[in-house]
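The block underneath contains the structure these notes are about, expressed in structure tokens.
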Amino acid sequence: MKLRESIDAIKKPFGKGQKLERFAPAVNAFDTFLFVPNHTTHKGAHIRDGVDLKRTMVTVIIALLPAFIYGVYNTGYQYFIQSGIAFTFWDALLHGALKIMPMVAVSYGVGLAIEFAFAVYRGHEVNEGYLVTGLLIPMIMPVDIPLWMVGLSVAFAVLIAKEAFGGTGMNILNPALTARAFAFFAYPTYMSGNKVWVSEASNVDGISGETVLGSLAAGNDVSYSMFDMFMGAIPGSIAETSTLWVLVGAAILILTGVGSWRIMVGGVLGAAVTAFLFNLWGANALMSFDWMNHLIVGGFAFGIVFMATDPVSAAQTTKGKWIYGILVGLFCMLIRVFNPAYPEGVMLAILLMNVFAPTIDHCVVEGNIKRRKKRLNATLTPAS
């Protein structure tokens, strides 16, 4: 109760009619972050549910933590293994934390500052939508990307992909993927190649940070076992490498009803069938790469679980989710195989389908209307 009373006392100068009323949205953001809003409806239909936006975002954060923690460890693990330095579990975890936590701090600092500024300017409350985006952005970046580049990518994503469309719940594109796409096309040397996926690889001779897909695209053999690839003990984006911990997060999202299992299953089916057909063709190393391995390398698993299922930018209808997921998987494999300059296709595949998600839903709804009209006409037409 003392905390509640303290917050209420702080909010008084920001109340209606007070001098600092303009900045009330920023202050209210801290209130709603700490406490459940006590607003009640007085008329109309009331829907009571224990799940609000805050709880939904917290659930996604919890689902992300296993992959994030492993990503922190793997960052240190890859550095010590590639450098040939003896290390312990805690050495790897500490090295990874020192590399990644500043990126998380910059992501949240820049993103929340912009969100607060827009809330004050527009006079609406700050919601918890950026809690997930702020963690996702550093999780899908290379470990040695400069902090200023992270901040610039965050600013682009929040301003262009989110606030320009009206804020949380109105964005067409996934903000985290938009941030990565901006960094990839604006600063490609920091987002691709063999020296960006292992910590300090560019400063230490003899370190090869080549990813599995990058190696295949170059026509080289893969030196990692299927077990290593599934566990995530390979170079790659910070938290995308471990399919095991991504699946743990997927289970949390599905069991809580936060993530759409239809999109996840559809994505896996689309990717698996496409990769299997490429196996039959086998024209190059990426086509010949086993279809099951295609599902556990790169950012596919992470993208299909945490990015493609974004409830705002994904398809909304039941049938549309299946179509959307299948097409994400299909285009991911197509981009991987036919674009040697960019062997990881999940980012572009999801952003492409984000654009077409409203069209998919529109076609599904129109199809349902036509079928119902047809059934109705058949019912009303008298038998001859």
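In table form, for the structure just shown:
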item	result
Options Ala378, Ala349, Ala283: the member that is part of a loop (DSSP other than H, G, I, E, B), out of contact with any His (no Cβ under 8 Å at 6 or more places or on another chain) and either at pLDDT below 95 or over 16 Å from Arg262 (Cβ atoms) (or both)	Ala283
Within the stretch 333-346, tally of residues that are in contact (Cβ under 8 Å) with a residue 60 or more places away in the chain and not in a loop (DSSP other than H, G, I, E, B)	3
Selected residue [surrounded by fewer than 19 Cβ atoms within 10 Å (Cβ to Cβ) and either farther than 20 Å from Ser313 by Cα or of a type in the set (A, V, I, L, M) (or both)] from Ala119, Ala113	Ala113
Candidates Phe306, Phe278 - the one that is under 19 Å from Leu213 (Cα atoms) and in a helix (DSSP H, G or I)	Phe278
Close pairs (6 angstrom Cβ cut-off, 6 or more residues apart or separate chains): within 10 Å of Lys319 (Cα to Cα) and at pLDDT 95 or above in the stretch 361-374, surrounded by 12 or more Cβ atoms within 10 Å (Cβ to Cβ) and among the hydroxyl-bearing types (Ser, Thr, Tyr) anywhere	Asp361/Thr317; Val364/Thr317
Selection count where residues are within 21 Å of Val222 (Cβ to Cβ) and either of a type in the set (Lys, Arg) or touching a helix residue (DSSP H, G or I) at 6+ places or on another chain (Cβ under 7 Å) (or both), scope the stretch 291-314	12
Out of Ala239, Ala272, sole residue that is assigned to a helix (DSSP H, G or I), in contact with a Gly (Cβ under 9 Å, 6 or more places away or on another chain) and within 29 Å of Val312 (Cβ to Cβ)	Ala272
Residue that is surrounded by the fewest Cβ atoms within 10 Å (Cβ to Cβ), among those in the stretch 162-203 that are under 19 Å from Leu131 (Cβ atoms) and among the aliphatic types (A, V, I, L, M)	Met170
Residue check for Asn368: surrounded by fewer than 22 Cβ atoms within 10 Å (Cβ to Cβ) and closer than 27 Å to Gly214 by Cβ	no
Number of the exception - Ala383 against (1) over 23 Å from Ala218 (Cα atoms); (2) part of a helix (DSSP H, G or I); (3) modelled with pLDDT under 90	(2)
Number of the condition not met by Thr317 [criteria: (1) β-branched (Val, Ile, Thr); (2) farther than 23 Å from Val248 by Cα; (3) out of contact with any Asp or Glu (no Cβ under 8 Å at 6 or more places or on another chain)]	(3)
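One line per residue, one yes/no per condition, for (1) of a type in the set (A, V, I, L, M); (2) within 24 Å of Val150 (Cα to Cα); (3) at pLDDT 90 or above:
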residue: Val36; (1), (2), (3): yes, no, no
residue: Gly71; (1), (2), (3): no, yes, yes
residue: Tyr77; (1), (2), (3): no, yes, yes
residue: Phe80; (1), (2), (3): no, no, yes
residue: Ala86; (1), (2), (3): yes, no, yes
residue: Met103; (1), (2), (3): yes, yes, yes
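The values are calculated or read from the model by the stated rules, or taken from the named source; none is laboratory data. Keep in mind that this is a model prediction, so the values were computed, not measured. Every residue, glycine as well, gets a Cβ built from its backbone with ideal geometry; the counts of neighbours run over all protein chains shown.
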